[in-house]
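To keep things clear, I will list the structure first and then write my remarks on it.
The values are calculated or read from the model by the stated rules, or taken from the named source; none is laboratory data. What you see is a predicted model, and the numbers here were worked out from it, not measured in a lab. Here the Cβ is made from the backbone with ideal geometry for all residues, glycine too, and neighbour counts use every protein chain on show.
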Amino acid sequence: MAPERIDPQGNPGEYNIKSDVWSLGISLIEMATGNFPYSTWGSPFEQLKQVVKDDPPRLRSDDFGDVFKNLIIACLQKNFQNRYNYEQLLNHPFIQEHTEKTTDVATFVSEILDLAAGPPPPTN
């Protein structure tokens, strides 16, 4: 949940679609790393406090490209007024760079499942 939706000092009536952009940034970090970016909390209340009080999560500088890291930074601005809107996201270089790529998801999943199943047993 975006900081402006949690912070008791804020005005919950001010949040808008940019809260979803925050969620996108969190989801992108989780998909890229395989880990939820707020992993050190002991209770849900501690996690909410981290979202409001701590710096936003970032990707490690040596693991990902600058364009992708910049997209994450644009999504995870604590002040929602500084956060990208949908139009800015769609025009971000990372998104533009990947607009023409297509993936046959059915084939991709089949290949992954085949790899997970291992080699077929010998036929003797």
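Quick look at the numbers
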read-out	value
Any hit, the stretch 25-32, residues being surrounded by fewer than 17 Cβ atoms within 10 Å (Cβ to Cβ), at pLDDT 85 or above and not hydrophobic (A, V, I, L, M, F, W, C)	yes
Entirely in the stretch 29-116, the helices (runs of 4 or more DSSP H) that have 2 or more residues that are more than 19 Å from P3 (Cα to Cα) and either touching a helix residue (DSSP H, G or I) at 6+ places or on another chain (Cβ under 8 Å) or touching a residue at least 40 places away in the same chain (Cβ under 8 Å) (or both)	66-75, 86-90, 93-97
Subset tally (residues that are of a type outside the set (S, T, Y) and farther than 18 Å from I17 by Cβ) for the stretch 73-104	9
Only listed residue being under 14 Å from Q77 (Cα atoms), among the basic types (K, R), out of contact with any strand residue (DSSP E or B) (no Cβ under 8 Å at 6 or more places or on another chain) and surrounded by fewer than 18 Cβ atoms within 10 Å (Cβ to Cβ), chosen from K18, K53, K49	K53
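For (1) surrounded by 10 or more Cβ atoms within 10 Å (Cβ to Cβ); (2) hydroxyl-bearing (S, T, Y); (3) modelled with pLDDT of 85 or more; (4) touching a His at 6+ places or on another chain (Cβ under 8 Å), each residue gets a yes or a no:
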{"position": "W41", "(1), (2), (3), (4)": "yes, no, no, no"}
{"position": "I72", "(1), (2), (3), (4)": "yes, no, yes, no"}
{"position": "C75", "(1), (2), (3), (4)": "yes, no, yes, no"}
{"position": "E100", "(1), (2), (3), (4)": "no, no, no, no"}
